[in-house]
Ligand SMILES: Cc1cc2nc3c(=O)[nH]c(=O)nc-3n(C[C@H](O)[C@H](O)[C@H](O)COP(=O)(O)OP(=O)(O)OC[C@H]3O[C@@H](n4cnc5c(N)ncnc54)[C@H](O)[C@@H]3O)c2cc1C
């Protein structure tokens, strides 16, 4: 690191990275300060249990920074790349190769997604059949006291009918 820069940018998200890039292209010396770590392809949480252990603090440098305010809760990313890090989706290997399937928020266990033309080759015919993907929702285990408290706050905020209540 140098002692003096023309510009110091705090945060490497979309805003910081683009500004730093433009300023560097214009010939300025630029320093980007980022509080989070660099996340490689294999570092992202793969299960809900791992997600529960991926919350931000200055010791563990987790990916997800959850902040609760008076009237709004904010979930933001922390790491090189900023908000782009939270878009981690599901990569599926199909007989035809790799595809990306975006799982919509609120997906219930057992929900089936159909990937047209991504299945097995047709028998004695041209083309490929469809591939069906069934969602298996895994609940987090081993929550820290902080994560348990955050989950409790979340359930206080949503209007979810009690699944044990009898229908009349
Ligand atoms: C699910 C989702 C999908 C989205 N999809 C799109 C899309 O398709 N197209 C689109 O244009 N936008 C999309 N957005 C919006 C976009 O991600 C945000 O607008 C953008 O990330 C904001 O950029 P930013 O640089 O302001 O902040 P961020 O990207 O949040 O970056 C902030 C960075 O600053 C770092 N930081 C914070 N405090 C400090 C500190 N004290 N010291 C050092 N570093 C610090 C953080 O670690 C982070 O890396 C989406 C957002 C979400 C949540």
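Just so it is clear, none of the values below were taken in a lab; they were calculated from the coordinates. Quick caveat: nothing in here was measured; it's all calculated off a predicted structure. Note: ideal-geometry Cβ built from the backbone for every residue, glycine included; neighbour counts use all protein chains shown.
Share of Cα-Cα pairs in the chain beyond 28 Å, in percent? That fraction is 46 percent. For segment 41-88, the Kirkwood hydrodynamic radius from C-alpha pairs, put into Stokes-Einstein at 10 °C and a viscosity of 1.306 mPa s, yields a diffusion coefficient of 139 µm² per second.
Among 88, 155, what is the fewest-to-most ranking by other Cβ atoms within 10 Å? Intermediate values should be presented prior to the final figure.
Working: 88 16, 155 8.
Lowest count first: 155, 88.
So if we plug the beta-carbon distance of residue 31 and residue 92 into 1/(1 + (r/R0)^6) with R0 = 41 Å, what FRET efficiency do we get, rounded to 0.05? Numbers along the way, then the final one.
On the way: r = 40 Å, r/R0 = 0.97.
Working from the Cβ atoms, E equals 0.55.
Label sites at residue 102 and residue 76, each approximated as a point 7 angstrom past Cα along Cα to Cβ, lie 2.3 nm apart.
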